[in-house]
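Everything below concerns the one structure shown next.
The values are calculated or read from the model by the stated rules, or taken from the named source; none is laboratory data. Just so you know, these numbers come straight off a predicted model, no measurement behind them. Here the Cβ is made from the backbone with ideal geometry for all residues, glycine too, and neighbour counts use every protein chain on show.
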Amino acid sequence: MNVPKDGRPRTEGAAHAARPARISAVNDFVVKFANVNGSGSASANELFARSILRMGVPVSPRNIFPSNIQGLPTWYEVRVTEQGHLGRRGGVDLMVAMNPQTWDRDLKEIEPGGYLLYDSTRPTPPSRLRDDITVLPVPLTEIAAAKFADPKERQLLKNIMYVGVLAATLGIEPEVIAQLLGEQYKGKDRLVKPNLDAFMTGLHYGREHFEDATHLRIARSDKVGDRIFVEGNAATALGCVYGGATVCAWYPITPSTSVAEAFQKYCAKYRVDAATGRNRYAVVQAEDELASIGMVIGAGWNGARAFTATSGPGVSLMTEFIGLAYFAEVPAVIINVQRGGPSTGMPTRTQQSDLLACAYASHGDTKHVLLFPEDPHECFEFAAAALDLAERLQTPVFLMTDLDIGMNHRLCRPFKWDDSRRYDRGKVMDTATLESGADFGRYLDVDGDGIPYRTLPGSHATRGAYFTRGSTKDAYARYSEVGTDYVYNMERLLRKFDTARALVPQPIIGRAQGKAAAGVIYYGSTSPAMAEALALLRAQDVQLDHLRVRAFPFPESVADFIARHETVFVVEQNRDAQLRTLLVNELGIDPARLVPVLHYDGTPITARFIVNAVAERMQARNVRALKPGMAA
Amino acid sequence: MTYLAKPRLHHPDLPTNTLGYTRRDYEGKISTLCAGCGHDSISAAIIQACWELSIEPHRVAKLSGIGCSSKTPDYFLGNSHGFNSVHGRMPSVMTGANLANRDLIYLGVSGDGDSASIGLGQFAHLIRRGVNMTYICENNGVYGLTKGQFSATADRGSKSKRGAVNRDAPIDMVSLALQLGITYVARSFSGDKDQLVPLIKGALSHRGAALLDVISPCVAFNNHAGSTKSYDYVREHNDAVNRLDFMPRREGIVASYEPGEVIEITQHDGSRLRLRKLTDGFDPGDALAAITHIHQHHARGEIVTGLLYVDPSADDLHEHLNTVPTPLNRLTESDLCPGSAALERLNADLA
């Protein structure tokens, strides 16, 4: 194969008659950037994604990054999706290959008929290219060297240059890029010019050489609406600010670190007393996760709303303390941004594999409340809700997000807050009530809902003091080794867990138009891929009822849903079907009726995967054969 | 631990403090520790100190870890909230509690196993953060509840009850704390109430982290010949550098270092520490010299006691974090929630 010196793309000739046609699509394709981390590609790639969004076309970008600071491969994948499918699609239509280390695998990933943009400064032998794709060679290094004097600038602006080439060939409006650069470097005008220069250089090169090279186009649309574009971790942090958290104790761990950092950032913006400059919050970077959960429990015991943000290994370390908070009944919010486990696992990849570890965290008989947000909008809502639930239920509450939601920008509904909303501080017996002579038994089930009253330290000179401990006690918090005292509390804790069913976010249920062949249950970050999969299946006339679980313990509607279907697919991003185990275990469901669909290689689940898996299993069960080829 | 509350009846002529409370009002449940346990003497000293300081009992939060010493908060200040947390992790619970409400007085009680073995990490970070609290390490060199294993403070060469000799080097809580930036540190002996009570009062009045390492013999497992934490050994080898007289805040008296036999130090709250020197040239304002002094004497088998270092101008974690004076647990929606208008502006920025 021949790449002409002028950089013009190959033309299709007789010798390539068998070549597939060039992929042709408007506002519906996948561009992937293969970079070396630490090379400054992130801001250029994000600029690309945002420019498409500004043209009214939904995008769904994903960072696929290494556990490393400099020198290792990193990818940024942008799904352009007029229809608003925000899950990962799989496959790549246009690859921007900037990393020689991953050249071979990057090339392999391009769909037949797809496109490759690469730095052609150093000649690449044809044997290293593919016959069935269109190549856009750009001598980026050469141009950058000629244009920019500073070596660091050359490296950074090379990235902006390829955005210019892409804009030319895809039809991104240069005015949009100029506007975004202006916003990004607001107040740092001297940075705008070199960036804009680099972009225009790329744009001119692209217009000159690749005007019609690709059949991929961005066309202005109006499908973004009032949606916001935000990372889940930032949304979670904001939810903690709005939900009234005052103490955040944390230990750095990917992919949760940006929760605490965003909390600090939002607090600096919203929680500094204007008159005195003093902070209405405290953030402590603890020495480890044992200390961070200990601080959260200490603060919760003393009446402040407190949370920690962590990931799998952190939860493992916290389990003893979580058992204490469960048994001594202390509010605590634990944000678990899940990553690939076990052990260090895949720290920069996504999974939903901590359900069991969190649901039953700690030794002895324990059960914990888990919330499963689907996107940043729900991260915000559920973070605030978790702070209410923890105080209402006097127990640890887990917010189970994951890397896919937490560390990627996602289009979602705008945040909402009702100013008349009051925090639910739960059952706290205050000074006046104690003064009136009310009987205070710290673990007394006064209301029959399993939730006792508590007092805060310092409330009353002579009444309401009690001793909090992780050992057995009676209803008045007195140490006891009597079996009936122990059983009383353990049964009451079950009653309390039962109360939680009605308080947690209820499932979202969708019914098939006709008679459903089966049901499907899913949760969390699987949501966008599932919505797309359901649409694909409907297009093939496969009707599924669907239920999105949003919390554990499961409300009754979950059991009802399963009861109505002979077969229910349970779609998850872990190996061991952990939600299914919880459903079987907690609802007494016949395991044979719950068919696991499991995706756990660390990449976000795709609609294609779900459709394939469902099709395969339906065929195996002889329910209905799908048309071949539809589930690509 | 016990169910048993002490009878509330007491002699009508018991002396009362400025709040009108008798010492009995600072007591807790009946101790379940062994007769003669050093820890019970420390509990008595805590009761005495709090009574003398006229602290409102409910303004104190008592926290502990796990072990014999950590059981004791149930045996004093029965009108205070207590928190018996997990083994070695009281410091983090203490830190969180303190962040939530800076207005209470925080008292942590722990042992040498809880603090120096399983909890050494959390102990260190509590000190270096300068959490405003008093930490009493009831140090007996053994694990009592599990019947006599060595702890990390046991001296090299010290013999166990069963005759085993400890070969590991000891951790000295005081030197360690000094290295970590403690701002009030003392060592004392549970058998010397006259020394201990003023040291507790000074610690409770100190702003910042205060540590009392109190040698507190275990009568059941570490009170025999050959042990360096027995009553007899500590009495024979106790080398006090000074005697503290604690004087509460009084107007009009300016503190100053006086030459000669007495050093007077004014703390942040106005209370004064008057130190009568017992060792020539020992300066409780010199942390490095204190470490050297402790180690020189330890090498000779001597236990240095007294107020070993104090920085009266210390600040605390809340100052480092620049938090508002109102306790965080008292802030309400109007203080904490930015509201819907701010959220709409944020939504616009994120579009």
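Every listed requirement among (1) touching a strand residue (DSSP E or B) at 6+ places or on another chain (Cβ under 9 Å); (2) outside any helix (DSSP H, G or I); (3) at pLDDT 95 or above is met by A:GLU532 save one, (2).
Considering segment B:48-143, the qualifying helices (runs of 4 or more DSSP H), each wholly inside and each with 3 or more residues that are touching a Pro at 6+ places or on another chain (Cβ under 6 Å), run over B:120-129. The C-beta contact set for segment A:569-580 (first residue in contact (Cβ under 8 Å) with a residue 40 or more places away in the chain and under 16 Å from A:ASN612 (Cβ atoms), second residue assigned to a loop (DSSP other than H, G, I, E, B) and among the β-branched types (Val, Ile, Thr), distance under 6 angstrom, 6+ apart or interchain) comprises A:GLN573/A:ILE605. The strands (runs of 3 or more DSSP E) found wholly in segment A:390-470 and carrying at least 2 residues that are more than 9 Å from chain B (Cβ to nearest Cβ) and not β-branched (Val, Ile, Thr) occupy A:396-402, A:409-412.
Which residues, counting only those in segment B:97-112, are more than 10 Å from every other protein chain (Cβ to nearest Cβ) and either of a type in the set (S, T, N, Q) or more than 15 Å from the chain's Cα centre (by Cα) (or both)? Matches in segment B:97-112: B:SER110 only. Counting only residues that are assigned to a loop (DSSP other than H, G, I, E, B), of a type in the set (Gly, Ala, Ser), within 8 Å of chain B (Cβ to nearest Cβ) and within 26 Å of the chain's Cα centre (by Cα), segment A:271-318 holds 1 of them. Within segment B:42-70, restricting attention to residues that are within 14 Å of another protein chain (Cβ to nearest Cβ) and among the β-branched types (Val, Ile, Thr), the residue that is nearest to B:LYS201 (Cα to Cα) is B:ILE55. Taken over segment A:20-47, residues that are aromatic (Phe, Trp, Tyr) and either farther than 22 Å from A:GLN101 by Cβ or at pLDDT below 95 (or both) amount to 1.
Within segment A:228-241, residues that are under 19 Å from A:VAL59 (Cα atoms) sit with their Cβ atoms under 8 Å from residues that are buried (at least 24 other Cβ atoms within 10 Å of the Cβ) and polar (S, T, N, Q), at 6+ positions apart or across chains, in these pairs: A:GLU231/A:ASN408; A:GLY232/A:THR401; A:GLY232/A:ASN408; A:ASN233/A:SER256; A:ASN233/A:THR401. Residue check, A:ASN195 against (1) away from chain B (no Cβ under 14 Å); (2) surrounded by 16 or more Cβ atoms within 10 Å (Cβ to Cβ); (3) under 21 Å from A:TYR281 (Cβ atoms), all met but one. Which one? Status for A:ASN195: all satisfied but (3).
Among the criteria (1) at negative phi; (2) surrounded by 19 or more Cβ atoms within 10 Å (Cβ to Cβ); (3) at pLDDT 95 or above, the one B:GLY144 does not fulfil is (3).
Are any of the residues in segment B:100-108 crowded, with 24+ Cβ neighbours inside 10 Å and without any contact (Cβ under 8 Å) to a residue 12 or more places away in the chain? No, segment B:100-108 contains no residue that is crowded, with 24+ Cβ neighbours inside 10 Å and without any contact (Cβ under 8 Å) to a residue 12 or more places away in the chain.
Table: residues versus (1) in a strand (DSSP E or B); (2) more than 19 Å from the chain's Cα centre (by Cα); (3) closer than 26 Å to B:ALA351 by Cα; (4) more than 10 Å from every other protein chain (Cβ to nearest Cβ).
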position: A:THR236; (1), (2), (3), (4): no, no, yes, yes
position: A:ILE253; (1), (2), (3), (4): no, no, no, yes
position: A:GLN264; (1), (2), (3), (4): no, yes, yes, yes
position: A:LYS269; (1), (2), (3), (4): no, yes, yes, no
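The sole residue among A:ALA500, A:ALA475 that is under 35 Å from the mean Cα position of the chain (by Cα), more than 9 Å from chain B (Cβ to nearest Cβ) and of a type in the set (A, V, I, L, M, F, W, C) is A:ALA500. The single condition among (1) in contact with a Ser or Thr (Cβ under 7 Å, 6 or more places away or on another chain); (2) within 11 Å of chain A (Cβ to nearest Cβ) that B:HIS87 does not meet is (1).
Taking the conditions exactly as written (within 14 Å of chain B (Cβ to nearest Cβ) and within 19 Å of the chain's Cα centre (by Cα)), does A:VAL333 satisfy them or not?
It is true that A:VAL333 is within 14 Å of chain B (Cβ to nearest Cβ) and within 19 Å of the chain's Cα centre (by Cα).
The condition of being surrounded by 15 or more Cβ atoms within 10 Å (Cβ to Cβ), part of a loop (DSSP other than H, G, I, E, B), on the phi < 0 side of the Ramachandran plot and in the same structural domain as A:ASP93 (by TED's automatic domain parsing) holds for only one of A:ILE143, A:ILE172, A:ILE177, A:ILE160, that being A:ILE172. Here segment A:392-428 is the region considered, the condition is being surrounded by fewer than 24 Cβ atoms within 10 Å (Cβ to Cβ) and of a type in the set (Asp, Glu), and the residue that is farthest from A:GLN573 (Cα to Cα) is A:ASP419. Does A:ALA477 fit the bill of being aliphatic (A, V, I, L, M), touching a Lys or Arg at 6+ places or on another chain (Cβ under 6 Å) and assigned to a loop (DSSP other than H, G, I, E, B)? Considered against the rule, which asks whether it is aliphatic (A, V, I, L, M), touching a Lys or Arg at 6+ places or on another chain (Cβ under 6 Å) and assigned to a loop (DSSP other than H, G, I, E, B), A:ALA477 comes out as yes.
Checking B:SER271 against (1) buried (at least 16 other Cβ atoms within 10 Å of the Cβ); (2) among the hydroxyl-bearing types (Ser, Thr, Tyr); (3) within 14 Å of chain A (Cβ to nearest Cβ), which single condition isn't satisfied? In the conditions (1) buried (at least 16 other Cβ atoms within 10 Å of the Cβ); (2) among the hydroxyl-bearing types (Ser, Thr, Tyr); (3) within 14 Å of chain A (Cβ to nearest Cβ), B:SER271 misses (3) alone.
Looking only at residues in segment B:326-345 that are more than 7 Å from every other protein chain (Cβ to nearest Cβ) and without any contact (Cβ under 8 Å) to a residue 12 or more places away in the chain, the one that is nearest to A:PRO457 (Cα to Cα) is B:THR326.
Tell me whether segment A:455-464 contains one or more residues that are among the small types (Gly, Ala, Ser) and closer than 30 Å to A:ASN408 by Cα.
No - not one qualifying residue is present in segment A:455-464.
Restricting segment A:210-234 to residues that are within 12 Å of chain B (Cβ to nearest Cβ) and either of a type outside the set (Lys, Arg) or part of a strand (DSSP E or B) (or both) leaves a set whose member that is nearest to A:PHE29 (Cα to Cα) is A:VAL224.
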